[in-house]
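The values are calculated or read from the model by the stated rules, or taken from the named source; none is laboratory data. This is a predicted model, so every value here is computed, not measured. FYI the Cβ positions are ideal-geometry reconstructions off the backbone, even for glycines, and counts take in every protein chain you see.
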Amino acid sequence: MEAKFCSSCGSELEAREIDGTNRTACIRCSFVHWGNYSIGVGALVVKDDKVLLVRRAQEPGKGYWTNPGGYIEQLEPIAETIEREVLEESGIQAVVKNIVALRDQPRSIHNVYIAFSMDYVGGEPVPDGFEVDAAGFYSLQEMETMNVAGFTRWLVDVALHGRSEGLTVDDRPIVDLPGHGLFRV
């Protein structure tokens, strides 16, 4: 669906070239619609050489085993988002260790997916019964007979055979930047 009216002042929008690209812009104020984006986050929680997976009970991906995850909320830091999603979907408490993978998927709603390596803190896998109908820690051998989504297979390889520690949380940056989630090598 394409917007027809400005979300700032309510005036009509028109197609206009801005920065060398056709964009939708307001005819009265400075509002420019820069595009549609979504940011997803996913968890890679490893315990005893097994990766936490959940089976999707809803579309998209109903019936596939995936790593726990979801979409960020507008005012929620991504590290809090993924910790919440893991707990909600699987009953597992885990904390962010680092960012280990990123997927860029340009399409009508440009999707960016950030995968976090997480430290297992506690709990036993229990599905939420709504978004997911099964949860557990699984070995590569066990996954061979499971309906694991392709992207999740790639992420499991990152979790178990990654060649880098990735980006870690910078909780003591050289400059005070309140409200920023900072990660660095």
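Per the conditions (1) surrounded by fewer than 16 Cβ atoms within 10 Å (Cβ to Cβ); (2) in contact with a Pro (Cβ under 6 Å, 6 or more places away or on another chain); (3) not basic (K, R), the sole criterion not satisfied by G136 is (1).
Here M146 meets the list (1) assigned to a strand (DSSP E or B); (2) aliphatic (A, V, I, L, M); (3) in contact (Cβ under 8 Å) with a residue 60 or more places away in the chain almost entirely, failing just condition (1). Applying the condition of being under 11 Å from the mean Cα position of the chain (by Cα) and in a loop (DSSP other than H, G, I, E, B) to region 47-71 and asking which residue is surrounded by the fewest Cβ atoms within 10 Å (Cβ to Cβ) yields N67. Annotation note: Cβ proximity below 8 Å between a residue of region 19-43 that is touching a residue at least 60 places away in the same chain (Cβ under 8 Å) and a residue that is surrounded by fewer than 12 Cβ atoms within 10 Å (Cβ to Cβ) and of a type in the set (A, V, I, L, M) (sequence gap 6+ or interchain) occurs for N36/I109; Y37/I109; S38/I109. Put simply, of M143, M118 the only residue that is crowded, with 16+ Cβ neighbours inside 10 Å, aliphatic (A, V, I, L, M) and in contact with an Asp or Glu (Cβ under 9 Å, 6 or more places away or on another chain) is M118. Once region 72-107 is narrowed to residues that are more than 14 Å from D119 (Cα to Cα) and touching a helix residue (DSSP H, G or I) at 6+ places or on another chain (Cβ under 8 Å), the residue that is surrounded by the most Cβ atoms within 10 Å (Cβ to Cβ) is A101. Mind checking whether some residue in region 44-56 is more than 27 Å from V158 (Cβ to Cβ) and of a type in the set (D, E, K, R)? No: zero hits.
For region 155-179, a residue qualifies if it is touching a residue at least 40 places away in the same chain (Cβ under 8 Å) and in a helix (DSSP H, G or I), and the qualifying residues are L155, V156, V158, A159, L160.
If you check every pair at least six apart or on different chains, which have Cβ atoms under 9 Å apart with a residue in region 121-135 that is in the same structural domain as K62 (by TED's automatic domain parsing) first and a residue that is part of a strand (DSSP E or B) and hydroxyl-bearing (S, T, Y) second? Qualifying pairs under 9 Å: V132/T66. Taking the criterion of being within 21 Å of A159 (Cβ to Cβ) and either assigned to a loop (DSSP other than H, G, I, E, B) or in contact with a Lys or Arg (Cβ under 6 Å, 6 or more places away or on another chain) (or both), the residues of region 73-92 that qualify are G91, I92. When we screen R184, R172 for residues that are modelled with pLDDT under 95 and in contact with an Asp or Glu (Cβ under 8 Å, 6 or more places away or on another chain), the only hit is R184.
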